[in-house]
Amino acid sequence: MKDKLFLIGSLLAIIAGAIMTFFSLSLEYDSPMFVIMGIVLILLGFIVLVTGYTTPSVSQGKEGIGLSYIMIVASILIIVGTLDFEALWILMLIGGGLLLLSSIIIWPCFCCTGKSKNRDKVIGVANAHDNISMVELGRRTGMSIDVVRDIVYDALGKNHLSGHMEGDTFIRSRPTATAYSTPSTTTTEREIVKVLVVCPFCGAKNEQGTPRCHNCQASL
């Protein structure tokens, strides 16, 4: 139902603008303000309808659903105001003002911020699970299954998500552990061999290269 709510609100806004325009033209006295407002509401209603269709992640999110309720209530106020213009004209004015405010200010702000916000939400929830179905992902994020599926596939294509799809379930890739081995150090020990020279005079042993015998002080 929530994926149709924005469509209903936009269509009601267009219908309410048309009713306001034709009703104001049928009055015995001139009411250019309501005629102009009605025409503007028709145009803005079409713009909101088209932009909502092209940005489903926003129109079907919490912001879009909230705006849909505002448009529905405002449209009903306009339609009720046409039942007795002299007594209920203020309802038409309030309803028209709400629709203008929603279409010109609120909706563009939602389009600018809501798209990236909803995308980050879907990616964050998907990353928090080893595997999650699109039905469950849509339930947790408050968006339709088609919207979350498109976001997941787009994120996978742009490497914003690490994993793959199996059927209608996202499987997250687990980080691979890299084994670090401590390099072995080989110590090469050099064996030192001492050559001894026997003194010909006293028979004492001296290291080779010693100029005199350490025992008798004779020259070697």
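Let me know the shape class of the chain, please: from the alpha-carbon gyration tensor, a ≥ b ≥ c as square roots of the eigenvalues, rounded when a/c is under 1.5, otherwise prolate if a/b is greater than b/c, or oblate.
Prolate.
Along the charge dipole of the chain, Cβ charges K/R +1 and D/E -1, which of Gln208, Leu88, Gly66 sits furthest on the positive end?
So the residue we want is Gln208.
Calculate the spin-label point distance for Leu101 paired with Leu196, positioning each point 7 Å from the Cα along the beta-carbon direction, and give it in nanometres.
About 11.0 nm separates the two model spin labels.
Once amide H atoms are placed 1.01 Å from N in the peptide plane, what residues at a sequence separation of 5 or more from Val197, or on another chain, have their amide H within under 5 Å of its amide H?
When sequence neighbours closer than 5 places are left aside, the close amide H contacts are Asn206, Glu207, Gln208.
For the range 75-85, in order, what is each residue's ³J(HN,Hα) by Karplus, 6.51 cos²θ - 1.76 cosθ + 1.60 with θ = phi - 60°, in whole Hz (x at glycine and Pro)?
5, 5, 4, 5, 5, 5, x, 6, 5, 8, 4
Enumerate lysine pairs in the chain that are 8 or more residues apart or on different chains, then count those whose Cα atoms are under 26 Å apart.
Close lysine pairs found across the chain: 16.
Using a 10 angstrom Cβ neighbour count of at most 16 plus a DSSP loop assignment to flag exposed GluC sites (Glu not before Pro), which longest range of the chain is free of such sites?
My reading of the result: 29-188 is the longest stretch.
Based on the Kirkwood radius over alpha-carbon pairs, what is the Stokes-Einstein translational diffusion coefficient of the range 2-118 at 37 °C with 0.692 mPa s viscosity, in µm²/s? Numbers along the way, then the final one.
Values: Rh = 14.1 Å.
After rounding, the answer is 233 µm²/s.
Would you kindly state the longest site-free stretch of the chain, with sites defined as chymotrypsin sites (Phe, Trp or Tyr not before Pro) in a DSSP loop (not H, G, I, E, B) surrounded by at most 10 other Cβ atoms within 10 Å?
Working: sites that count: Tyr29, Tyr180.
Longest stretch, sites excluded: 30-179.
For Leu25 and Asp146 in one chain, what is 0.36 nm times their gap in residues minus the Cα-Cα distance, to one decimal in nm?
Gain in length upon complete extension: 39.3 nm.
If I model a spin label at Asp130 and Cys112 as a point 7 Å from the Cα along the Cα→Cβ vector, what separation in nanometres do I get?
For Asp130 paired with Cys112, the spin-label model returns 4.3 nm.
Translational diffusion coefficient of the range 28-85 at 20 °C, 1.002 mPa s, Stokes-Einstein with Kirkwood Rh over Cα pairs, in µm²/s as a whole number.
The diffusion coefficient I find is 164 µm²/s.
Considering only Ile78, Ile132, Pro108, whose Cα is most displaced toward the positive end of the charge dipole of the range 78-143, charges sitting on Cβ of Lys, Arg (+1) and Asp, Glu (-1)?
Ile132
If R0 is 25 Å, what FRET efficiency do you get for His160 and Lys4 from their C-beta distance, rounded to 0.05?
0.30
Would you calculate a helix-derived [θ] at 222 nm for the chain, using -39,500 (n - 2.57) for each DSSP H run of n ≥ 4 and dividing by the full residue count, to the nearest 500? Present the calculation step by step, with values, prior to reporting the outcome.
Values: 8 runs with 130 residues, N = 220.
Taken over the chain, the calculation gives -19500 deg cm²/dmol.
We did not get these values from a lab; they are worked out from the coordinates using the rules stated. The structure presented is a predicted model; accordingly, all values stated were derived computationally and were not measured. Backbone-built Cβ (ideal geometry, glycine too); neighbour counts: all protein chains shown.
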